Number of protein chains: 2
Amino acid sequence: MAKKKAKTFGQFLREKRVEKGFSLRKFAELVGISPTYLSQVEQDNVDPPTADRVKRMAELLGESVDEWTALAGRLTEDLPEIIREAPTAVPDLLRAVRGLTTDQLRRLREDAERMQKEGTDEEK
Amino acid sequence: MAKKKAKTFGQFLREKRVEKGFSLRKFAELVGISPTYLSQVEQDNVDPPTADRVKRMAELLGESVDEWTALAGRLTEDLPEIIREAPTAVPDLLRAVRGLTTDQLRRLREDAERMQKEGTDEEK
DNA sequence: GTGCCTGTTCAGTAAACAGTAAACATTTTG
DNA sequence: CAAAATGTTTACTGTTTACTGAACAGGCAC
């Protein structure tokens with residue numbers, strides 16, 4: 001099994017932007033940042049942008065928002081809310097799933113979806 | 001069923017600190033912050049402290065670190081890592097569990113723990 | 001060869017964050 | 001009543017974050 005290359009956010013961004021045929025200035029304009037800044041980001045000379053800009057970038061390039069956000073060292077914005085809505089049970093769950101495979105995580109998600117369908121609880 | 005009072009971080013902190021008999025100055029010293037700042041925090045005149053200070057406070061007062069951290073509008077520090085380790089599967093799971101009851105979340109956690117025991121995957 | 005693209009570099013900045021020091025008024029203790 | 005301890009207010013401060021503007025070098029088009 002080939003090891004995944006641990007590319008940086010900047011490297012990934014440049015690769016995909018060029019692939020899609022955007023010039024640096026053009027793409028910067030679409031995202032709503034200065035070309036200067038985009039250049040620095042792609043060279044990893046500065047930290048990746050905020051979560052919302054990363055999201056716009058991923059969307060413009062047809063990439064996974066969650067993956068790019070993680071690569072940027074940030075969190076997609078709905079996740080903190082979800083955690084805070086159940087401030088002990090969700091963290092406990094997260095710690096319990098640490099290290100599980102993608103398949104195992106998918107099975108848990110399916111269980112969760114099933115629970116949703118069964119009603120929030122038994123409704124009498 | 002009585003509705004839980006939506007106390008602020010500051011109100012909670014003051015309540016528990018006084019309950020344990022710490023003076024403001026004494027407690028500030030234990031936490032490693034200035035009395036000035038602690039006073040402001042307890043009056044909600046400023047944002048709650050960083051996650052690590054919130055953690056110290058909760059520990060000193062025998063309260064739940066996760067709950068207090070959430071109340072402070074922050075995230076316990078290990079959670080972002082856990083999410084980024086599986087940057088699509090874990091966010092997907094989180095969105096799927098949103099709105100589940102504490103009991104349902106507990107059942108999922110137990111499933112997860114069982115999966116851990118069964119080995120990370122079948123190991124041939 | 002001068003215009004016009006390309007990306008890059010340097011220097012700087014506005015706003016937010018996470019606090020602190022000093023002085024103060026009030027209550028408690030000896 | 002004097003001393004000590006309580007919490008509060010005002011006015012800052014240093015640091016980090018997330019960027020921007022101006023100027024510049026190199027390639028390509030005509």
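Taken together, the values in this text are just the output of simple stated rules run on the coordinates, not laboratory data. In this text, all values refer to a predicted model and were calculated from it rather than measured experimentally. Cβ coordinates were reconstructed from backbone atoms using ideal geometry, including for glycine residues, and neighbour counts include every protein chain displayed.
The table below lists the values:
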| item | result |
| --- | --- |
| Viscosity 0.692 mPa s, temperature 37 °C, Stokes-Einstein D of chain B from Kirkwood C-alpha radius, µm²/s | 192 |
| Per-copy distances of the A:Gly73 label point, shortest first, in nm (7 angstrom along Cα→Cβ) | 2.3 |
| The stretch A:19-65 versus the stretch B:50-124: alpha-carbon centroid distance in Å | 31 |
| Given B:Lys26/B:Lys55; A:Lys7/B:Lys117; B:Lys7/B:Lys55; B:Lys20/B:Lys55; A:Lys26/A:Lys55, the pairs whose alpha carbons are separated by over 26 Å | A:Lys7/B:Lys117 |
| Choice from B:Thr102, B:Thr69, B:Thr36 with maximal GNM fluctuation in chain B (Cα, 10 Å cutoff) | B:Thr102 |
| Prolate/oblate/rounded call for the stretch A:78-117, Cα gyration tensor, a/c under 1.5 rounded | oblate |
| Copy-to-copy label separations for A:Asp103, where each label sits 7 Å from Cα toward Cβ, in nm and ascending | 3.3 |
| Cα convex hull of the protein assembly as shown, projected area averaged across orientations, nm² | 18.5 |
| Over the stretch A:1-51 - Rg/Rh using Cα atoms and the Kirkwood inverse-distance radius | 1.03 |
| Peptide A:11-22 - average C-beta neighbours from other chains (10 Å radius) | 0 |
| For B:108-118, mean number of other protein chain Cβ atoms within 10 Å | 6 |
| Nm distances between copies for B:Leu30, ranked from closest, using label points 7 Å along Cα→Cβ | 5.6 |
| Debye equation applied to the C-alpha atoms of the stretch A:57-124, log10 I(q)/I(0) at 0.28 Å⁻¹ | -1.23 |
